[in-house]
Amino acid sequence: MSARVSLILARRWLARHRGLLALVLLGLFVFEVGLVHIAEQFDGGAGMQAVVDMLPSFFQQLVHDKLRDFSADGVVSMGFNHPVAMTVMCSMVALFATGTAADREEGLLGALLARPVSRGAYLGGIVLCVVLLALIQPAMLLGGGMLGLSMVSLDQTVPFEVHVEAGLGLVALLLAVGGLALLAGVYAPRRGVAVTWLAAALVPAYLVEFLGFLWSGMDAVRWLSPFHYVPQLPALLGQEPSAAGLWPLLLLAALCWALAARRFAGSDE
Amino acid sequence: MADTLLALSGLSKRFGDVLALDDLTLDVSRGEVVGLLGPNGAGKTTAIRLALGLAVPTAGSVRLFGRSPREAAARAGLGYLPGELALDPRLDGHAMLALNARLHAPGDAPPDATRVGELCERLGLSHADLSRPVRDDSSGTRQKLGLVAAWQHDPELLLLDEPTNALDPLVREAVFELLREAAAAGKAVLHSSHVLSEVDRSCNSVAVLRGGRLVERGSVSELRRRLTRHMLVRFRGAPPVAALSAAGAVILERDGARLVLQVAGALDPLLAVLASHPVDELAFPEPDLSAAFAHWYGDAAREARS
């Protein structure tokens with residue numbers, strides 16, 4: 001009964017945001033295809049090298065590793081950790097995961113929970129949506145990347161499986177973000193409050209990891225950022241991503257879901 | 001199944017420093033339409049939210065169909081209309097009722113279209129009303145949708161918080177009729193309201209809350225009997241003042257042979273006095289609950305003013 005109710009509620013959420021969801025998924029796909037075509041304009045990393053050679057030496061050192069972004073190996077991964085893609089994907093996950101706060105804000109939560117809907121089944125519906133979004137958004141990026149690569153003549157040295165593993169890292173990250181958003185949604189009186197709390201946690205975390213990628217001075221705190229555990233950066237550098245790196249993200253997701261369920265089970269609504 | 005469908009026992013709820021409900025004990029049984037009366041802030045909505053499991057009591061317990069209301073299965077036989085009705089503005093009436101039916105269906109049983117159709121017809125909801133997004137509906141149409149949603153799965157117990165809000169008189173009549181039919185069919189209803197005349201018409205018993213406490217509980221007829229009432233009598237000749245006082249009547253006004261009496265409790269001694277004296281005129285109006293309301297809340301109003 002609970003699983004059936006969770007499915008009904010998940011369908012309710014998906015139906016509510018179906019237009020936006022379709023637009024975002026299409027956008028992610030096109031975005032990744034576009035990145036590959038842009039990389040082709042620079043003849044992959046080699047073409048970009050000519051541009052970089054014209055820059056002062058400091059900038060040449062700074063962007064040396066980033067040249068791989070324009071290689072066939074790196075371009076797909078670049079889409080995976082691009083700030084635009086990351087912002088869009090995390091926002092979509094947050095939109096669904098903060099559903100508790102949205103229902104509370106609209107006065108719908110009490111009416112739903114007065115029906116034979118258990119609190120576990122209610123949160124289960126949201127978790128189902130988060131899992132679906134965490135799977136389908138990276139899949140669209142991956143699909144777009146693969147389609148783009150099939151359309152251009154860039155040499156590929158990283159096998160497809162490496163990109164899939166990098167995509168799994170993104171799945172784990174989105175699950176962790178979903179967990180944090182779910183927790184915020186359970187506590188917050190309104191969706192805006194929940195999203196603000198989430199942004200206050202995620203934006204600094206992203207900046208810590210992003211700056212840490214360029215400057216070793218951030219190494220002491222990088223482990224605190226969920227973005228640190230996403231293995232697309234090793235993929236970008238031509239290294240094998242490690243599945244072990246996903247565990248902190250999956251544990252964070254599980255911990256947040258458990259805390260949210262505990263809080264929701266004992267709260268007034 | 002036991003006759004008591006809802007049992008609130010020693011129920012209290014505190015929000016910070018505010019004691020919203022204080023030691024409320026109240027049962028709602030099959031065939032009963034209980035009016036939960038009280039002014040705004042008396043604790044009616046808090047009591048209903050506790051009964052639904054939407055809030056956790058500070059003290060006391062709630063049994064809904066013999067189970068904790070926090071269990072989803074306990075709410076399967078329940079119909080609920082909130083006082084501040086919120087419906088998903090993106091859905092139209094059909095989609096809203098279909099979602100509600102799926103959440104109440106024990107399996108994948110399809111919604112009972114016949115019952116929904118009958119309810120819509122009685123409450124004056126047209127196909128066009130049901131086809132519009134809820135955000136475009138008037139408050140009256142939304143209230144009707146809320147009533148259909150509360151009733152559509154033929155619940156054993158109905159918790160209705162101000163069910164006639166925003167309804168026109170004809171639809172109110174339909175709601176009262178549905179309430180009477182529910183009671184006749186052995187269902188139970190808790191009808192929260194601050195509109196006395198509605199409770200007087202629709203309920204066969206009343207629970208009165210004041211400041212979070214239950215101040216009165218009984219059948220409407222019992223309460224009427226216990227009320228202080230006024231009687232106007234014009235005697236043909238000198239009024240038997242001493243005999244009237246001995247029979248328990250208090251003379252409020254006297255204008256020659258015309259008296260306004262205040263009477264309470266059993267009427268037999270007073271009627272015996274009246275029967276033994278010639279009377280030209282007698283008026284003894286049926287008391288309504290408004291007299292009781294003034295009695296119950298008069299103190300509260302005075303306290304508020306002082």
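Each value in this text was obtained by applying a stated rule to the coordinates, not by laboratory testing. Given the structure is predicted, the values throughout are model-derived calculations rather than measurements. So basically every Cβ, Gly included, is an ideal-geometry build from the backbone, and we count neighbours across all protein chains shown.
Amide hydrogen proximity for B:Ala207: with H placed 1.01 Å from N in the peptide plane, the residues at 5 or more positions away or on another chain lying under 5 Å are B:Gly35, B:Leu36, B:Leu37. Charge dipole (Cα centre; +1 on Lys/Arg Cβ, -1 on Asp/Glu Cβ; no other charges) of the protein assembly as shown amounts to roughly 1560 debye.
For A:Phe160 and A:Ala199, the FRET efficiency from 1/(1 + (r/R0)^6), where r spans their Cβ atoms and R0 equals 41 Å, is about 0.75. Rg then Dmax, both in Å and based on the Cα atoms of the stretch B:228-283: 9.9, 27. Each Cα pair under 8 Å and six or more residues apart adds its separation to the average, and for the stretch B:4-224 the resulting relative contact order is 31 percent.
Adding -39500 (n - 2.57) for every DSSP H run of four residues or longer, then dividing by how many residues chain B holds, sets the calculated 222 nm ellipticity at -10500 deg cm²/dmol.
Taking every Cα-Cα distance in the protein assembly as shown and sorting them into 20 Å bins starting at zero, the pair-distance distribution P(r) comes out as 17, 36, 25, 14, 5, 2, 0 percent.
Given R₀ = 56 Å, what would the calculated FRET efficiency be for A:Val221 paired with A:Leu7, taking r from the Cβ atoms and rounding to 0.05? Here the calculated transfer efficiency is 0.85.
Just so you know, the averaged projected area of the alpha carbon convex hull for the stretch B:192-277 sits at 7.3 nm². Under 5 Å between amide hydrogens, built in the peptide plane, is the criterion, and for B:Asp27 it picks out B:Leu8 among residues at least 5 positions away or on other chains.
Expressed in units of 2.2 N^0.38 Å, where N is the residue count, the Cα radius of gyration of the stretch B:4-224 is 0.99.
Hydrodynamic radius of the stretch A:132-201 by the Kirkwood approach over all distinct alpha-carbon pairs: 14.1 Å.
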